[in-house]
Amino acid sequence: MAIKKFVVGCFTDEKELFPAVKTIRKSGFKIHDVYTPYPVHGLDTALGLRETSLHTAGFIYALIGLCTAFGGIGWILTIDWPQNYGGKPHFALPAWIPIMFECTVLFSAVGMVLTFCYICQIGPLVKKHRFHLRATDDYFVMVIECTQQTNTHDLEGLLKSLGACETKTETVESGWWLGRYDLPAPSVASAVIALILITSLSACSNGDAGREQNRVYMPDMAYSRAVETYDDKEHITNKGIFYNAEPAKGSIARGSDIPFLIAKDTPGSTLNYLAAQKIINPITSLSSDDQEEAHRLYLVYCGICHGQKYDGNGPLYKDGSGPFPAKPATLVGDPKYDAMPEGQMFYSVTYGKNLMGSYASQLTTKQRWMVIKYIKMQQEAVSKPQTNTNSK
Amino acid sequence: MHLKYESQLREPLVYGEKTYGQVTEDILKPIERKPSKLWYVGFFISSALLLFGVYSVYRDVTYGIGQWNLNKTVGWGWDITNFVWWVGIGHAGTLISAILLLFRQGWRTGVNRAAEAMTIFAVLCAGQFPVFHMGRVWMAFYTLPLPNTRGPLWPNFNSPLLWDVFAISTYLTVSLLFWYSGLIPDLATVRDRAKTKFTKLMYGIGSFGWSGSTKHWQRHESLCLVLAGLSTPLVLSVHTIVSFDFATSVIPGWHTTIFPPYFVAGAVFSGFAMVQSLMLVVRKVFGMEDYITIGHIEAMNKVIVLTGSIVGVAYLTELFMGWYSQNKYEGYTFWYSRANLFSPYGWSYWGMMACNVLSPQIFWFRSMRRNIFVTFFMSVIVNIGMWFERFVIIVTSLYRDYLPSSWSIYYSPSPWEIGFFVGTFGLFFTCFFMFSKYAPVIAVAEIKYILKTSGESFKNKITKIETEPLDKFVDEQKHAH
């Protein structure tokens with residue numbers, strides 16, 4: 001690296017700085033740079049620097065941002081993932097405007113700042129040569145590059161006469177840290193950019209290696225904290241969560257019948273048996289198909305004792321010659337059973353009565369009510385013509 | 001960029017006969033000295049609040065947001081209220097640094113650095129709420145359109161909630177870049193004055209090797225100007241998009257086209273109030289009365305009374321439309337749930353009206369605008385009022401929805417919900433204390449830049465010139481460099 005020699009002159013006011021810059025340039029010296037504590041307006045033109053085109057870069061980044069957002073969203077919502085959102089068109093440009101705008105701003109801002117750092121060759125950990133430490137405080141530091149012919153002593157004298165409060169001559173090894181504009185991009189910055197590119201690219205091109213992990217660093221939804229639908233109740237209780245896995249009291253499954261809520265009597269009590277009188281049969285009428293079915297069910301489950309003719313003389317009793325010791329109830333024709341409320345009959349069928357056992361496991365709730373309704377219909381069929389004849 | 005001559009009618013922006021060196025000395029004093037006891041007390045209080053917030057959030061993440069008292073109708077409660085409130089506060093910083101830069105308002109230089117810092121910290125606080133509202137916070141990255149093997153599964157770009165993700169993250173990034181690029185030259189000043197090796201190293205890293213070269217300054221100015229130009233529509237877009245979260249829904253009280261301008265005005269309103277609160281404390285504690293002058297405070301109070309009145313007009317317009325539209329649901333929300341003092345949440349509506357619309361009218365009086373105690377008191381009142389505004393908008397629209405059977409009797413926050421909010425205060429003030437200790441709270445270079453045109457010494461000189469005959473003055477100006 002070449003060694004360069006510089007003459008440094010410090011000014012305390014911009015009023016002296018401007019004439020000094022003019023004079024020095026007219027005298028044919030090359031001003032390396034002027035370091036100031038704040039942006040001094042007009043100094044760039046006085047030094048003959050061209051206007052910066054950083055804002056043009058900003059405009060280009062903005063366009064890139066806009067196109068990226070438009071292209072990205074457009075591709076995703078019309079080609080890669082054309083979802084139907086309430087029947088709206090896939091190409092819903094007005095709804096994309098907010099994000100397109102935000103991306104425009106984001107790309108432009110980030111791009112400009114990075115470009116600014118790159119062209120000024122500044123960044124974290126970058127150390128540049130400083131000719132005078134007070135240049136960031138209250139001095140305007142003019143640095144003149146010397147050639148072989150320059151008489152530094154005379155130049156310092158000239159600066160002093162122009163109002164410089166402090167002058168000195170410095171030799172510095174030439175390099176990017178001097179902040180010259182015509183130097184090519186520093187190798188450090190190129191290396192950093194290359195590093196970023198290589199890391200990001202290699203992160204993308206991991207292939208299938210990433211699939212065979214031993215360590216889950218971001219398990220997505222693999223291990224849910226939520227209660228699993230058919231989880232064992234004990235697991236949930238062990239987790240300290242109160243969850244009884246049962247529907248709320250009194251809830252009825254969709255499509256199922258209204259449950260018979262009266263419990264079986266304790267031995268010796270008839271409380272619930274009597275309470276059952278109040279329960280109304282949810283089935284109010286039977287269609288002919290239903291009647292046929294109810295009749296069939298009656299014959300299968302009831303008729304064997306109560307008889308085909310509802311007279312309590314089924315094959316198991318057979319006028320006392322059957323294996324059954326007591327006479328089953330005469331369902332039609334006996335005033336006791338004609339007057340018996342359907343709820344009470346249901347109780348008997350469900351829980352059993354005297355020697356009759358429970359038929360709850362053979363007949364569903366609906367079937368039981370159907371059979372009861374059917375019996376009631378038979379009772380009515382016998383009793384109604386009677387009342388009719390009486391009135392006649 | 002600046003006029004060489006500024007009217008004597010304008011107050012000086014910097015008091016006292018300052019030199020460039022004096023400016024550096026004054027502003028860097030808090031960095032170069034040991035912090036005062038008051039700083040330690042404040043820092044530890046805010047750290048304690050932050051820790052409580054961290055614990056509250058830990059509970060939210062571990063047990064789910066059932067920890068919050070959100071219920072079947074009030075699905076957005078304190079969390080979204082706080083989110084909108086914090087985002088709004090951020091807006092003043094960008095307004096000062098960007099819009100006032102474009103409008104060539106010299107007074108912004110005294111307060112822009114701290115206001116921008118406030119913006120960043122406020123947006124940081126705001127961002128916590130929607131993120132933790134997600135419940136499964138480790139899935140937060142699902143909101144980003146990352147190329148993936150999940151289907152592919154992309155976010156819905158037509159959703160205002162996704163616009164929010166983009167708006168808030170862009171806002172944070174751009175504010176941070178803007179703030180930091182302004183900070184670089186000032187950090188270089190600290191670096192070049194540093195005594196210890198460690199400080200030199202740290203500020204050396206932070207100042208990016210800034211040297212103050214003319215070309216760099218030229219680019220820096222260009223950068224700041226374009227960033228200001230970008231931030232101006234950005235800041236308007238951010239709260240507009242936040243308001244879209246509500247306005248694009250069909251909830252009575254939300255479904256209104258007035259929301260974007262009304263939200264932006266409210267955001268600037270609350271933001272300036274927060275800047276006032278902070279700056280009044282900063283100028284007192286760090287003795288910066290010469291840089292953050294009564295003139296600055298007055299200018300900000302003018303913005304407060306303006307934006308407060310805009311917000312007031314918006315409230316009245318909403319009420320009017322609630323009646324004029326003859327829409328049953330709108331009418332119910334505005335006249336029964338809000339404006340009716342005796343409804344369950346009537347107190348919040350009238351609290352908002354009192355704090356946001358009525359009380360700022362006091363700033364029509366010059367003596368009140370220039371009164372520090374009134375200003376501080378009002379800045380707190382305004383922020384309370386703006387919090388109420390968000391609460392009113394969110395909760396009073398939700399708690400009695402279209403289905404009366406699901407109306408919730410009352411929504412009141414759980415300790416962990418409050419703890420989260422308190423925690424963001426901790427985060428905000430912890431960041432602000434750190435910032436005020438380790439970075440110049442006033443933009444040193446920018447103060448030096450206006451010192452010659454708007455400083456008190458210059459004003460005095462101009463006064464002297466003005467008493468001279470006009471011909472002589474013109475002659476002098478012609479021959480100046």
In deg cm²/dmol, rounded to 500, what helix-only [θ] at 222 nm does chain B give when every DSSP H run of at least 4 residues adds -39500 (n - 2.57) and the total is split over its residues?
-> -22000 deg cm²/dmol
If you plug each phi of region A:329-335 into the Karplus form 6.51 cos²θ - 1.76 cosθ + 1.60 with θ = phi - 60°, what whole-Hz ³J(HN,Hα) values come out, in order, with x for Gly and Pro?
-> 4, 8, 6, 10, x, 9, x
Region A:265-282 - phi-based ³J(HN,Hα) in whole Hz, Karplus 6.51/-1.76/1.60, Gly and Pro as x = 5, 6, x, x, 9, 10, 4, 6, 4, 6, 4, 5, 4, 7, 6, 9, 5, x
Among the aspartates and glutamates, which fall within straight-line cross-link reach of residue B:478, defined as a Cα-Cα distance under 18 Å, with same-chain neighbours fewer than 8 residues apart omitted?
-> A:14, A:16, B:6, B:466, B:468
Degrees, to the nearest 10: B:444-454 long Cα axis against longest axis of chain B = 60
Residue A:32 long-range amide H proximity, modeled H, under 5 Å | A:143, A:144, A:145
Rounded to a whole number, what % of the accessible area of chain B do carbon and sulfur atoms account for, probe 1.4 Å?
-> 70
By the C-alpha gyration tensor axes a ≥ b ≥ c (rounded if a/c is under 1.5, else prolate when a/b exceeds b/c, else oblate), the shape of chain B is prolate
For chain A, the longest site-free run once GluC sites (Glu not before Pro) in DSSP loop states with at most 16 other Cβ atoms within 10 Å are removed = A:229-392
Taking 7 Å along the Cα-to-C-beta vector as the label spot, tell me the residue A:358-residue A:41 distance in nanometres, rounded to one decimal.
-> 9.8
Cβ-derived FRET efficiency at R0 45 Å, residue A:200 paired with residue A:84, nearest 0.05 = 0.85
Solvent-accessible area, 1.4 Å probe, carbon plus sulfur percent, for chain A | 58
To the nearest 10 degrees, how steep is helix B:160-193 against the longest Cα principal axis of chain B, on a 0 to 90 scale?
-> 20
Counting Lys and Arg as +1 and Asp and Glu as -1, what is the net charge of the other residues whose Cβ lies under 15 Å from the Cβ of residue B:363?
-> +3
In percent, how large is the relative contact order of chain B, given Cα pairs closer than 8 Å and 6 or more residues apart?
-> 33
Residue-level accessible surface for residue B:245, protein heavy atoms, 1.4 Å, Å² | 20
Would you rank B:242, B:303 by solvent-accessible area, highest first, keeping every protein chain in place and using a 1.4 Å probe?
-> B:303, B:242
For region A:3-188, the dipole about the Cα centre with charges only on Cβ (Lys and Arg +1, Asp and Glu -1), to the nearest 20 debye, works out at 220
With a ≥ b ≥ c from the Cα gyration tensor eigenvalues, square-rooted, and the rule rounded for a/c under 1.5, otherwise prolate when a/b > b/c and oblate otherwise, region A:271-385 is rounded
Sort A:284, B:317, B:189 from largest to smallest accessible area, using a 1.4 Å probe on the heavy atoms of the protein chains.
-> A:284, B:317, B:189
Within-15-Å neighbourhood charge of residue A:331 [Cβ basis; K, R +1; D, E -1] | +2
Going by a ≥ b ≥ c, the root eigenvalues of the Cα gyration tensor, does region B:339-444 fall in the rounded group (a/c under 1.5), the prolate group (a/b larger than b/c) or the oblate group?
-> oblate
Residue-normalised accessible area of chain A, given per residue in Å² at a 1.4 Å probe | 61
With every protein chain kept in place and a 1.4 Å probe, chain B has an accessible area per residue in Å² of 41
Say R0 is 22 Å: what FRET efficiency, to the nearest 0.05, do residue B:289 and residue B:374 get from their beta-carbon distance?
-> 0.80
For residue B:16, enumerate residues with amide H under 5 Å from its amide H, sequence gap 5+ or separate chain, H modeled in the peptide plane.
-> B:456
If you take the beta carbon distance between residue B:365 and residue B:38 as r and set R0 to 30 Å, what does 1/(1 + (r/R0)^6) give as a FRET efficiency, to the nearest 0.05?
-> 0.40
Counting only pairs 8 or more places apart or on different chains, how many lysine pairs in region A:2-88 have C-alpha atoms closer than 19 Å?
-> 4
Before anything else, pin down the relative contact order of region A:3-188: Cα pairs under 8 Å, at least 6 apart, normalised by residue count, whole percent.
-> 50
Threshold 30 Å² - residues in region B:194-211 whose accessible area is reduced by that much or more when the chain is no longer isolated, probe 1.4 Å | B:205, B:208, B:209, B:210, B:211
On a 0 to 90 degree scale, rounded to 10, what angle separates helix A:288-297 from the longest Cα axis of chain A?
-> 70
Computed for B with A: buried accessible area summed over both chains, 1.4 Å probe, rounded to 100 Å², at 6200
For chain A, calculate the relative contact order in percent as a whole number, restricting contacts to Cα pairs under 8 Å that are 6 or more residues apart.
-> 18
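The values are calculated or read from the model by the stated rules, or taken from the named source; none is laboratory data. All values derive from a computational prediction rather than experimental measurement. Neighbour counts are summed over all protein chains in view; Cβ atoms, including those assigned to glycine, are modelled from backbone coordinates with ideal geometry. For accessibility, only protein heavy atoms count, side chains too; no ligands or nucleic acids. Shrake-Rupley method; radii C 1.70, N 1.55, O 1.52, S 1.80 Å.
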